[in-house]
Each structure stands twice: as C-alpha cells, then as structure tokens.
Ligand code: 9MR
C-alpha cells in the first residue's frame, strides 16, 4: 500500500494514501493523531442503535451529565460515581478514551455548595471535590474540564458565581493547581462557549488568563471550545483563535460541537479549523443522534433520529482526511543542561505561507531578557511576529523578548509566534541558541 512521507515540524510522519481513507469518524481522525468523540448519556447505553453507532464511530467519550457536581457529590462529602463508572467501564471495554466533564461549574451545582459564604469552607469543599473525583478516576481520563464557563458573556471578566463571589479571581488558579496534584497525568482544560470569535471580549478574557497562567507556571494544558454554533457555523476568525491559543503553548479541543440544522459547509469548516492547527487534539460532538441532543429541535448532529448518517456526516469524514498531523505533547530535554530547549511547531501552512509557534525553555541560569537565534535552511522568510520582536538577515533569524516576557527563570518557558513565507519546502530550522548558548536538546 502506498504512503507518502511528509515532513512537518521536523518529524517524519506517514500519511495514508487516499485509497486507504478510513470509513469511520474515529479512525479518520486517528490517521492524523487526533480523536473524534461524542457526549454519552449513561441511560442510553442500553439502546442498541445508540451503542452500535457509539462503538463504531467514536474513540473519545464525554459523560453528558454524569460527572457533574449535582450527580457526583449531591450532599457534602457523600460521593456517587456509579453513573459515570458505567460510562467509563463501557469506554474501557471498547477502547475509547474519556474526557472528564466537569469539576467546577456554576450550573448543575447542588444548593448546599451555592449557599456557602465562608471562603475557607468553600476552598476546602472545592479542593476536596476536585481531589476526590479525580482520584476516583485517576489514570482513566485523558483530559479534564477543570473549570467550565467561568467567564461572563460579552466580557473579559469572570461571571458571578459562588466560587467567584466567595473566593475571588484566584479560584480558577486554585482549581487547576489542585487538579494537577490529584492526577498529574491528565491534561487540564479550561472549557467555555462563545470564545470561538477572536474579536469577542470573552475570547480575549480567556486568552489573557491562559497567557497569564503560562507565564506564571500555573498548570494548564488545553482550552476547550464548546462550539455550539448557529446554522452559519463557526465565525470566520475561528482558525485564528485556535492558532493564537496554541501559540501560548496549550492544546485546543472542540469539546461540544453541534450546529443548527447541521449544514455540510458549516460542519466542514469547523472540522478544517481544527485539523489545520497542529495542536488541535480532537473534536467531540455533543451527542449522537438529533434525538439525543440537548437542542433536538435544531437537528444539530451527524445522525438522524433513526441513527442514519446525515449529509453532515460525510462532510465531516471528508474534512477529517486533510490537515496537518497532531503535534502536541512534545518532550523537552531535562533541565540542568544549560542552554535551552526549543519546540518549533508549524500550526498551519498554506500555499506560500505558514504560521509557526516557538516555545523556548531556559535550561541555564535565570535571565531578565533573552534573544533566540536560529537559521532557516530553505529560504523561508518571517513576515510578521507576535510576543517577540523578530528580525531576519539572509537565513539567520533573531527573536528578542518583548516587555512582558523577558524574565525566564531556570526551567522557565515562554512562547511566541510568527507568520512566514516558504517556497518549495518548509523544513524546521536549525542552530537554535538562547543568548548565544546553543540548544542542548
Ligand atoms: O447536554 C447537557 C444537558 O443534558 C443538561 O440538561 C444541561 C444542564 O446544564 O447541560 C448540557 O450540557 C452542557 C454542558 O455540560 C456545558 N456546556 C453547555 C452544554 C449544553 O447546555
């Protein structure tokens, strides 16, 4: 069987030839290292049409309601994981991974939590909820929505909630730090809706939070874009939003996709927005059949009430076939070597142009400013940069910190991005050096 070797971000990957295009959503997503998931309700697992589609098409599962606080801790200290366990057991028996949804959310929150007014009490209740639930599922969850929908609509600020009102702005950081300690191997996501349009205030608020978390070492690995769309589909700026977030050094995921009336173009555009971004890890639709949807009146899913594939299904299957390989989770050399480690990722590439993210970790003594240099091997030219000042002379590129990201402690990281042009080939650059000391990785 023919396959083509393609170099992206310096790594050789094998892309199946078109003749081998997969025939299910999960397998087609897996061909580029991604997943394709769905929300599952435990109560529907006994429906054979539902379970047949689930196990044929999907390789990631999000419990639609079963991991939420009102189910898992209906009264203080009394935990119930049975409905969620049912879904996790199903997933394990069928080789599907799990997204955990969700630990801290103002909705589906039992009234005993909402009525707490003392900060010490609420902090210990929140931390205990996170730790107990994550410990119960430890090792079985790929990514957790640690905090869900904490930003106010149309605003850069947090919404009012018992967590915000009693604990203040720091509650999100507290939740992420607690989550990292509870299950260090799970990816930790912030999840929200209406953050797909780059020019929306809410998008900017979440972006500023993630940038702040990354600059201060607060653990966060991913941002979930719920992607509940009207029939027009995603905003035109959605690809920009996704690559701007990944330039901060996090994965992005489409976590609750559904589109009113399921137009083929809208679905196709949404899937392409993900698969064209190297660190878009995967897509989850919010239900299987239209009749399973929380907005069933909109017929927003890929299967009709009878379990038949809709035209949007074929559009998604075909859109999943293109795109760049998933490039998240790269490893860095251990700290202490001196010099730096660099992760260079091409987030998107088109005819003549590309967008790249450079993440740099200082492995030497702390610095108050930095200059990263590298050389291009195939005539690439930087055209525009953000979060660094970038100049180029011939094949040699110099990137200097901007005012807010100059300080890097030992082991400290920052990232910046740029757009460039290419012609003929676009291999990863070589000879990275931080403040004159070569990359030791
Ligand atoms: O699909 C879920 C529905 O069954 C519940 O009644 C509802 C209650 O809030 O939550 C729905 O799922 C939501 C998800 O957890 C978070 N983002 C919005 C989703 C749709 O409302």
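Readers should treat all values here as calculations from the given coordinates under stated rules, not as data from a laboratory. This is a predicted model, so every value here is computed, not measured. Here the Cβ positions follow ideal geometry from the backbone for every residue, glycine too, while neighbour counts run over all protein chains shown.
Compared with the direct C-alpha span, the chain from residue 378 to residue 438 gains 19.5 nm at full extension, assuming 0.36 nm per residue. Packing, as the average of other Cβ atoms within 10 Å across residues, places the peptides 150-160, 236-246 in the order 236-246, 150-160, highest first. In terms of the mean number of neighbouring beta-carbon atoms within 10 Å, the peptides 205-214, 77-86, 104-113 order highest first as 205-214, 104-113, 77-86. For residue 45 and residue 261, the difference between the fully extended length at 0.36 nm per residue and the C-alpha to C-alpha distance is 75.2 nm. Extension gain, residue 371-residue 118: 0.36 nm per intervening residue step, less the Cα-Cα distance, totals 86.4 nm.
Specify whether the C-alpha gyration tensor of segment 84-226 places it in the rounded, prolate or oblate class, a ≥ b ≥ c being the square roots of the eigenvalues: rounded for a/c under 1.5, otherwise prolate if a/b is larger than b/c and oblate if not. Oblate shape, in that a/c is at least 1.5 and b/c is the bigger or equal ratio.
Look at the Cα gyration tensor of the chain: its axes a ≥ b ≥ c give a/c of at least 1.5 with a/b at or below b/c, and that counts as oblate.
Here the relative contact order of the chain, from alpha carbon pairs under 8 Å that lie six or more residues apart, stands at 13 percent.
In the chain, helical runs assigned H by DSSP with n ≥ 4 each contribute -39500 (n - 2.57); averaged across all residues and rounded to the nearest 500, the mean residue ellipticity at 222 nm is -8000 deg cm²/dmol.
Note on residue 393 and residue 86: with the Förster distance fixed at 45 Å, the Cβ-Cβ geometry gives a FRET efficiency of about 0.15.
DSSP bridge analysis restricted to the chain gives an antiparallel fraction near 60%, rounded to the nearest 5.
Distance from the C-alpha centroid of segment 397-435 to that of segment 131-159: 31 Å, rounded to the whole angstrom. Legend: ranking of residues 350, 422 from fewest to most surrounding C-beta atoms inside 10 Å; resulting order 350, 422.
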